[in-house]
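Novice: Here it is, the structure in full.
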Amino acid sequence: MKVSGFTFVRNGVKFDYPFLESIRSVLPLCDEMIVSVGNSEDETLEMVQSIGSPKIKIMQTVWDDSLREGGRVLAVETDKAKAAISEDTDWCIYIQADEVLHEKDYPAITEGMEKNLNDRRIDGLLFDHLNFYGSFDYIANSRKWQYKQIRIIRNDPAITSFRDAISFMKNGKRLKVKKIDATVYHYGWVRKPDAMQQKLETFNKMWHDDQWMEKNFEKVDEFDYSHIDSLEHFTGTHPKVMHERIERMNWEFSFDPTKGIKLSPRLRFLNWLEQKYGIEIGKFKTYKIIR
């Protein structure tokens with residue numbers, strides 16, 4: 001069984017992505033790691049090169065900044081990286097530059113790939129997803145933030161990135177997947193407030209034109225983390241590759257639930273239903289779980 005990892009990153013240093021930790025978290029699981037580095041304004045390329053692993057294959061790309069509808073450029077860059085994977089690869093592990101895998105999940109991930117290798121019905125493997133918010137101590141736990149993600153797919157040209165690289169589809173249809181006991185740790189909403197605001201401004205430009213930005217995007221120096229409906233304290237452990245970054249955290253964050261965004265009775269009920277019983281109503285999914 002041959003396994004390839006793939007990811008893409010641009011301006012990872014400028015926007016304080018944990019992209020090095022992300023790459024390092026996948027390396028023990030794969031035989032090769034494709035890292036697509038976009039045209040950056042910082043030392044992202046040099047930082048990836050500094051990892052020094054013989055598994056890493058770096059490709060340099062130029063992003064099409066004119067693709068400003070629905071974050072389409074992110075899917076394009078994902079597909080570029082996937083296309084560079086070796087033809088004899090069986091499984092492809094996809095990771096985004098602000099996502100990290102936990103070493104405690106390596107056995108379950110490997111077992112999932114091995115057990116389903118010869119079951120050609122299975123297009124991919126499905127992970128749980130934790131969204132850290134504000135700091136490394138809080139998780140966003142409302143239904144808006146809780147979802148599962150396809151992060152392992154077969155090396156099949158028919159499987160391509162979907163929308164803004166949020167997931168994958170196969171010839172425009174949902175993937176058939178197996179759920180495994182593993183989790184993606186997402187740190188995209190853990191940055192200093194000024195860095196978070198800068199990152200959001202840049203990324204909104206991938207979804208909207210200048211007119212929309214001028215009308216809808218608030219020009220402030222720091223992101224206001226209080227605009228959230230529900231958080232809970234994280235009681236687990238972080239991946240080892242994240243420990244040094246966590247120790248460097250140099251801002252304070254706390255959450256007052258009385259000042260959070262107030263939800264409608266309907267959304268409060270749907271949150272309760274999903275948190276207590278795991279019942280998901282009205283969520284769009286790009287997968288069908290095979291039992």
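Novice: Among residues belonging to segment 136-159 that are aromatic (F, W, Y) and part of a loop (DSSP other than H, G, I, E, B), point out the one that is surrounded by the fewest Cβ atoms within 10 Å (Cβ to Cβ).
Specialist: Y147
Novice: Now, a different point. Kindly indicate whether K199 is in contact (Cβ under 8 Å) with a residue 60 or more places away in the chain and either out of contact with any strand residue (DSSP E or B) (no Cβ under 9 Å at 6 or more places or on another chain) or in a strand (DSSP E or B) (or both).
Specialist: Taking the combined requirement at face value, the residue does not satisfy it.
Novice: Restricting to segment 160-196, name every residue that is free of Cβ contacts under 8 Å to residues at least 60 places away in the same chain, touching a Phe, Trp or Tyr at 6+ places or on another chain (Cβ under 8 Å) and either buried (at least 17 other Cβ atoms within 10 Å of the Cβ) or of a type in the set (A, V, I, L, M, F, W, C) (or both).
Specialist: Once the filter is applied, which keeps residues that are free of Cβ contacts under 8 Å to residues at least 60 places away in the same chain, touching a Phe, Trp or Tyr at 6+ places or on another chain (Cβ under 8 Å) and either buried (at least 17 other Cβ atoms within 10 Å of the Cβ) or of a type in the set (A, V, I, L, M, F, W, C) (or both), segment 160-196 yields W189, V190, M196.
Novice: Would you mind telling me which numbered condition in (1) touching a helix residue (DSSP H, G or I) at 6+ places or on another chain (Cβ under 9 Å); (2) part of a helix (DSSP H, G or I); (3) not polar (S, T, N, Q) L45 fails?
Specialist: All conditions are met except number (1).
Novice: Okay, moving on. Return yes or no: is M242 touching a residue at least 12 places away in the same chain (Cβ under 8 Å), in a helix (DSSP H, G or I), under 26 Å from A195 (Cα atoms) and of a type in the set (A, V, I, L, M, F, W, C)?
Specialist: Taking the combined requirement at face value, the residue satisfies it.
Novice: Assuming D229 fulfils every condition listed in (1) of a type outside the set (A, V, I, L, M); (2) assigned to a loop (DSSP other than H, G, I, E, B); (3) loosely packed, with under 14 Cβ neighbours inside 10 Å apart from one, which condition is it?
Specialist: (3)
Novice: Then there is this: If you check every pair at least six apart or on different chains, which have Cβ atoms under 9 Å apart with a residue in segment 123-135 that is surrounded by fewer than 24 Cβ atoms within 10 Å (Cβ to Cβ) first and a residue that is of a type in the set (D, E) and at pLDDT below 95 second?
Specialist: Once the first residue is surrounded by fewer than 24 Cβ atoms within 10 Å (Cβ to Cβ) and sits in segment 123-135, its partners that are of a type in the set (D, E) and at pLDDT below 95 give S135/E252.
Novice: Contact list please: Cβ distance under 7 Å, first residue in segment 219-235 and closer than 15 Å to R191 by Cα, second residue charged (D, E, K, R) and surrounded by fewer than 20 Cβ atoms within 10 Å (Cβ to Cβ), pairs at least six apart or on different chains.
Specialist: Partner pairs satisfying both residue conditions: D221/D194; E222/D194; S226/K259.
Novice: Consider only pairs whose beta carbons are under 7 Å apart and that are at least six residues apart or on different chains; among these, list those whose first residue lies in segment 66-78 and is part of a helix (DSSP H, G or I) and whose second residue is acidic (D, E) and modelled with pLDDT of 90 or more.
Specialist: Close Cβ pairs satisfying both conditions: R72/D164; V73/D64; L74/D164; A75/D164; V76/D64.
Novice: Also, I was wondering about something else. Select, from R163, R154, R191, R174, the only residue that is at pLDDT below 95 and within 30 Å of N118 (Cα to Cα).
Specialist: That would be R163, the only listed residue that is at pLDDT below 95 and within 30 Å of N118 (Cα to Cα).
The values are calculated or read from the model by the stated rules, or taken from the named source; none is laboratory data. As the structure is a computational prediction, the values presented were derived from the model and not from experiment. All Cβ positions, glycine included, derive from the backbone under ideal geometry; neighbour counts span all protein chains shown.
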